[in-house]
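Reading through the structure tokens given below for one structure.
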Amino acid sequence: MHYAGGHKYYSYASAVLAVISAWIALIPFYDVWRIIKEILRVRPDFSKAENISRYGWEAVGFALLGMVFYIAALMCSHKAAFRVQANMRVSMMKHIMKLPLGYVEAEGTGKIRKIVMDSSASTETYLAHNFPDKAVSMATPVGLLVMMFIFDWRLGLISLIPAFIAFVLMGTLMMGPKMAEDMKQYQNALEKMSSEAVEYVRGIPVVKTFGQTIFSFKRFKLAIDEYEKWTLGYTKNMMLPMICFTTAANGIFAALIIAAFKLTSHGVTDEFVLNLFFYVIITSILTVTLMKIAYAGESQMLVDDAVNRMYSILETEPLAETKSGETPKDSSIQLDNAVFAYDNAESNAVDGITMNIKAGEHIAVVGPSGGGKTTLCSLIARFWDVKSGSIKIGGADVRNIPSEELMKYVSYVFQDSKLLKMSILDNVRMGRPDATDEEVMQALRDAQCMDIIEKFPEGVDTMIGSKGIYVSGGECQRLSIARAFLKNAPVLILDEATAFADPDNERSVQQAFERLSKDKTVIMIAHRLSTVTNADRIYVLSEGRIAESGKHEELIEQGGIYSRMWDEYNRSVSWQVRKAGV
């Protein structure tokens, strides 16, 4: 109701209207009882019946009136439900934007997308449909109890015995903590399968390129198998309780037949026949109500689990914001015994690294995969906070620099840059939202992007992702560099920024980097060692520690990790295809 705001009163109104509709819907059954009574009174001369038509139209009128109230209840519940769903999604997305980027990478975009979209949709379904139905399910038995005991308390009591048994079975076997835990496990299996599906679809281009279809499908297949195993096992466990519940809920009519034989052993009266007909008709409502209550209980557990998953995001603490508000005095970077470990990791990803990077200095970070290069640069940009030690920019600890201020000082060009579904102009303008069109165009020229613009009829206004218009990995990287040009931050971090560039694009990207890096402090992660030979200093990371550091020539002379990497790199670039078809 917090997310409903003023619309919460629509939810309350929907419950009230639903209760009224449930009670009105019972009145036609009373009219049916009066019709049967009239028929029994005048038989066999049915021409003497005077009120059958009136009772019939009265029943139709109240049935329609009940429908009107129920439709009004649904209109109110939907109005509140859509507002709650929208506000929940907005709140989650606003909170996600405050969380460190590392959280998104660790949780996975597939999992987060499912929680934001599907879990909030569960609340909409519950409030729009299950909430008023739950009110109906609670109000109907109350009205039925009153009616059933007015006409013949013996038949009413016998009718309630199977209903009571069904309630007991539902409460003991189909609800409670175990059922709630089962629902949680079901959602976990579904969430994992969804996440793996997203990651698999995203990786299809790479999968096809390297012919690894079956191998790459393994994780997705395991997630599907796990979901299948859980679902089948749960279904089998619930089969007997559901059979017993359904039998009891639908056994009310059988109980009435047994009661009729017992209660008419000394003769049959018109009044008993009348009441028996009435109970045969009205107890079907009790059966439907029991089934609704069972499904309402399941919906309640589903929405509880959905809310818990949403709060798993909303209760995740963002990185602490400082109140002191330090400002860097320049673009120098100092790391003092920085240590960082991912949650549940057995070892530190960054383990006691100390660096002193002067303002305007260009350094490169290289080393074996998994050595901590990307993690180190993420810590400088404060995607995470160090566990111990410190990282400073211009003498100010990054933890004491307000987030918006820190982002003014740091530009980060990712290995796999993303473009959003908007025009090229707006994609680049994200680097500085208040930039003029001319400033954006200048950034595109500086980033060597004009050949990209010129190949599209709509030029800079071309919508990326619309009508099948996409750009290559290298072109996407250049447009991302244009963002960095526009932002013009004094610290530039390049995370394997030429990874997706072909030779022609790589040349353009390198020319763009030369212009972009002028008068800036640059930290470059690279696997292509030819791009770092002119760096002021090269740091070689291995297992989260600095194994070597120095200029290119110094590291070659040392004959260590970098020297071996350089030899392997030179051998790889000299490879040639000697024969067609090889």
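Quick note: the coordinates plus some simple rules give every number you see, no bench work behind them. These figures come from a predicted structure and were not determined experimentally. All Cβ positions, glycine included, derive from the backbone under ideal geometry; neighbour counts span all protein chains shown.
Numerical summary
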{"quantity": "Selection from SER159, ASN250, GLY56 lying farthest towards where the dipole of the chain points positive, charges on Cβ", "calculated": "GLY56"}
{"quantity": "Formal net charge of residues neighbouring SER91 (Cβ-Cβ distance under 13 Å; K, R +1; D, E -1)", "calculated": "+3"}
{"quantity": "Angle in degrees between helix 503-516 and the longest Cα principal axis of the chain, rounded to the nearest 10", "calculated": "80 degrees"}
{"quantity": "Amide proton proximity set for TYR412, modelled H, under 5 Å, gap of 5+", "calculated": "ILE493"}
{"quantity": "Excluding exposed DSSP-loop GluC sites (Glu not before Pro) (at most 13 other C-beta within 10 Å), longest clean stretch of the chain", "calculated": "51-314"}
{"quantity": "Test item: Cα-centred dipole of the range 211-282, Lys/Arg +1 and Asp/Glu -1 on Cβ, debye", "calculated": "540 debye"}
{"quantity": "Net dipole in debye of the chain [+1 Lys, Arg Cβ; -1 Asp, Glu Cβ; about Cα centre; nearest 20]", "calculated": "1240 debye"}
{"quantity": "Mean Cα-pair separation over length for the range 50-153, i.e. relative contact order, pairs under 8 Å, 6 or more apart, %", "calculated": "41 percent"}
{"quantity": "Which label in (1) 1.17; (2) 0.95; (3) 1.65 gives the computed Rg/Rh (Cα atoms, Kirkwood Rh)", "calculated": "(1)"}
{"quantity": "Relative contact order, percent, the chain [alpha-carbon distance under 8 Å, six or more residues apart]", "calculated": "13 percent"}
{"quantity": "Partner lysines for LYS421 [C-alpha distance under 23 Å; skip if fewer than 8 residues away on the same chain]", "calculated": "LYS94, LYS98, LYS111, LYS114, LYS455, LYS467, LYS487"}
{"quantity": "Residue-averaged 222 nm ellipticity for the chain, from DSSP H runs of 4+ at -39500 (n - 2.57), nearest 500", "calculated": "-20000 deg cm²/dmol"}
{"quantity": "Rounded tilt (10° steps) of 8-24 against the dominant C-alpha axis of the chain", "calculated": "20 degrees"}
{"quantity": "Translational diffusion coefficient (Stokes-Einstein; Kirkwood radius from C-alpha pairs) of the range 1-127 at 20 °C, 1.002 mPa s, in µm²/s", "calculated": "117 µm²/s"}
{"quantity": "Rg and Dmax [Cα atoms of the range 436-476; Å; Rg one decimal, Dmax integer]", "calculated": "10.4, 28"}
